Ligand code: MG
């Protein structure tokens, strides 16, 4: 098989006064993700999609949140380490697609910066990195601004 597909999903609770990081970019917001790491829920879902494509388990297995090593860590470092696993397995990224569900703030002004940041860390062209954002029309925990939810897909091709 020379192509593999993976999906990832992650949720973090939001709390006042915490920094909000999404797709490797600091977002201007009153609330941020509660987390052991920097709480970049978009990168976490992306890492799970990449790991999933290779049946390598999940981000918690590779970077346990019980480990002091990962306390407050910049999730871009976790993405870089995940890419090392992808390369070591003999694969490279075809494309990735990320959907962020967040009620507020609006993420449109940050989308291009997220795509460029993620593409830079992954060492791929920005055209291969899609980031989309949606609200949930005020429905559910996302709609009540209690959390941020992210879905990611990744296609890998054999080198
Ligand atoms: Mg997470």
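Here, each number is a calculation from the coordinates, and none is a lab measurement. Given the structure is predicted, the values throughout are model-derived calculations rather than measurements. Note that each Cβ is placed from the backbone with ideal geometry, even for glycine, and that neighbours are counted across all protein chains shown.
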Quiz item: With axes computed from alpha carbons, what is the tilt in degrees of helix 41-53 against the longest principal axis of the chain, rounded to the nearest 10 within 0 to 90?
Solution: 30
Practice problem: Taking the Cβ of each residue in 46, 18 as the centre, tally the other Cβ atoms inside 10 Å and list the residues starting with the fewest. | Solution: 18, 46
Quiz item: Most mobile of 48, 125, 38 per a Gaussian network model of the chain (Cα springs, under 10 Å)?
Solution: 125
Quiz item: Using the 10 angstrom Cβ neighbour count as an exposure proxy, how do 102, 139, 56 rank, fewest first?
Solution: 139, 56, 102
Quiz prompt | Helical contribution to [θ] at 222 nm, DSSP H n ≥ 4, -39,500 (n - 2.57), averaged over the chain, rounded to 500 | solution = -8500 deg cm²/dmol
Self-check item: Rounded tilt (10° steps) of 111-122 against the dominant C-alpha axis of the chain
Solution: 40
Quiz prompt | Rg over Rh, two decimals, the range 29-159 (C-alpha only, Kirkwood Rh) | solution = 0.96
Quiz item: Once fully extended, how much extra length lies between residue 104 and residue 89, figured as 0.36 nm per residue of separation less the alpha-carbon to alpha-carbon distance?
Solution: 1.6 nm
Practice problem: Kindly put 12, 44 in sequence by how many other C-beta atoms sit within 10 Å of each C-beta, fewest to most. | Solution: 12, 44
Quiz item: To the nearest 10 degrees, how steeply does helix 75-88 sit against the main Cα axis of the chain, on a 0 to 90 scale?
Solution: 20
Quiz item: Over the chain, what relative contact order in percent results from Cα pairs under 8 Å that are six or more residues apart?
Solution: 34
Practice problem: Please report how far the C-alpha centroid of the range 22-64 lies from that of the range 119-159, rounded to the nearest whole angstrom. | Solution: 10
